[in-house]
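> Just dropping this structure here.
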Amino acid sequence: MKIAMLGLGIIGRVWAENLLADGHDVRGWNRTPKALPWSVPDAAAAVQDAELIFVVVADPPAVQQVLDRILPGLRAGQVVIQSSTISPTATLDFAGQVQKTGAAFLEAPFTGSKPAAEARKTVFYLGGDAAVLETARPVLARLASAILHIGPTGSASALKLAMNVNIALVAQALSESLTLARSAGITDETYFTALKLNASHSGLAALKEPKLRAREFSPQFSLKHMAKDLRLALEAATDLKLPQTRNIMGIYEEGLTRGWTEEDFSVLARLLE
Ligand code: NAP
C-alpha cells in the first residue's frame, strides 16, 4: 500500500522502517527534516497518493499543526490513522476535521514502547468505525501483537490515558520499593529475584529492570510524554478524585524542572536517591 508516516520520532520511524521492510511504499515526513531516503520535506507531498496516513506526533497541538498542513489535500478513499496519545475531546475534534474532507479517520493510540515497536509487538487501541478499521487492519497487524477495537471515536484515547495513569503509578511504586530495599543493603540482584516471585511483579518491572539497575535512562518512552499524558488524564477527570494521579503529577513536574524531559520516564527513580 501507499503509506504516509507523519512524525518520525521514536515510534514513527520504527513503524515506517518495519512497513518498508514489508514492501509498502512508505513516505515519511518530520517537522524537523530527517536525512532518510524515504522521507520528504513536505507533509502535503507525503500524503498526496497515500491510502493510509499515520499521524504519530507529540500532543494535541502537534496533531493540529500536522492536520493544518494536510487537510487541504485529503480526499475520499484515504484513511488518517491518528496514533499520538491525545484526549478524547481532541480526538473527536480532529475526526470531524478529517471527515469533512471526505477522508476517513481511525483513532489508534497504542501501548508498547520502542522495544515493542521494533519487535512488531505494539498493541493498538482502536476507536471508530469497524469498516475503516478493516481497511487498516492488514497494515496494523504487521506492527502489532494485538488490535483491540474499544468502541466509538474517543473511547480508545480514554482507555489509553487510563492505562498510562496505571503505568505511571506502578513505575513510582516500583522505584520507591527498590529504593527502600537498596537503603537496607539489599542488592539489586536479590531485589529483582524476589520481585519475580512476588505477586506484584509486572510487565513494567520486567521492562524497566535493566534501566533501574544500570541507572541508564535513554528514552523508550520519554518523561515529557508521560507528563503530558497525566495532564491530559487529569483534564479529562475534572469530576473525579484520583488522589494518587494528582500527587504523581507533582513528581513529574519536578523531573521536568530538573531538565529530564527527553529521558525515559523511569528516570524519576533518581529523585529518590
Ligand atoms: P518523540 O520521539 O518525542 O517524537 C515526537 C514527534 O512529534 C517528533 O516527530 C516531533 O517532531 C513531532 N512533533 C512535536 N511537535 C510537533 C509539532 N508542533 N508539529 C509537528 N510535529 C511535531 O515521541 P514518540 O515517543 O515517538 O511518541 C509519539 C506519540 O506516541 C506521543 O503522543 C506519545 O505519547 C505516544 N506514545 C509513545 C510511546 C513510546 O513508548 N515512545 C508509547 C505509547 C504512546 P520534531 O522532531 O520536529 O520535534
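> Within the stretch 12-23, can one find any residue that is touching a Ser or Thr at 6+ places or on another chain (Cβ under 7 Å), of a type outside the set (D, E, K, R) and not in a helix (DSSP H, G or I)?
Quick first cut of the stretch 12-23, residues touching a Ser or Thr at 6+ places or on another chain (Cβ under 7 Å) only: none.
So far as the stretch 12-23 goes, no, none of its residues is touching a Ser or Thr at 6+ places or on another chain (Cβ under 7 Å), of a type outside the set (D, E, K, R) and not in a helix (DSSP H, G or I).
> Taking residue 95 as meeting all but one of (1) in contact with a strand residue (DSSP E or B) (Cβ under 8 Å, 6 or more places away or on another chain); (2) surrounded by fewer than 21 Cβ atoms within 10 Å (Cβ to Cβ), write down the number of the exception.
Here residue 95 clears every test but (2).
Here is a yes/no grid of residues against (1) touching a residue at least 24 places away in the same chain (Cβ under 8 Å); (2) within 10 Å of the ligand (Cβ to nearest atom); (3) within 23 Å of residue 236 (Cα to Cα):
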{"site": "52", "(1), (2), (3)": "yes, no, no"}
{"site": "58", "(1), (2), (3)": "yes, yes, yes"}
{"site": "69", "(1), (2), (3)": "yes, yes, no"}
{"site": "77", "(1), (2), (3)": "yes, no, no"}
{"site": "96", "(1), (2), (3)": "no, no, yes"}
{"site": "105", "(1), (2), (3)": "yes, no, yes"}
{"site": "121", "(1), (2), (3)": "yes, no, no"}
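> Same structure, new question: Looking for something within 13 Å of the chain's Cα centre (by Cα), of a type in the set (Gly, Ala, Ser) and modelled with pLDDT of 95 or more - is there at least one such residue anywhere in the stretch 195-204?
no
> Quick check on the stretch 155-173: of everything there that is away from the ligand (no atom under 16 Å from the Cβ) and touching a residue at least 40 places away in the same chain (Cβ under 8 Å), which residue is farthest from residue 84 (Cα to Cα)?
172
> Same structure again: All but one of (1) more than 22 Å from residue 126 (Cα to Cα); (2) open to solvent by 40 Å² or more (accessible area, probe 1.4 Å); (3) in a helix (DSSP H, G or I) hold for residue 46; state the number of the condition that does not hold.
It fails just one condition, (2).
The values are calculated or read from the model by the stated rules, or taken from the named source; none is laboratory data. In this text, all values refer to a predicted model and were calculated from it rather than measured experimentally. Positions of Cβ are generated from backbone atoms using ideal geometry, with glycine treated the same way; all protein chains shown enter the neighbour counts. The accessibility values were calculated without ligands, DNA or RNA, using every heavy atom of the protein model including side chains. Shrake-Rupley method; radii C 1.70, N 1.55, O 1.52, S 1.80 Å.
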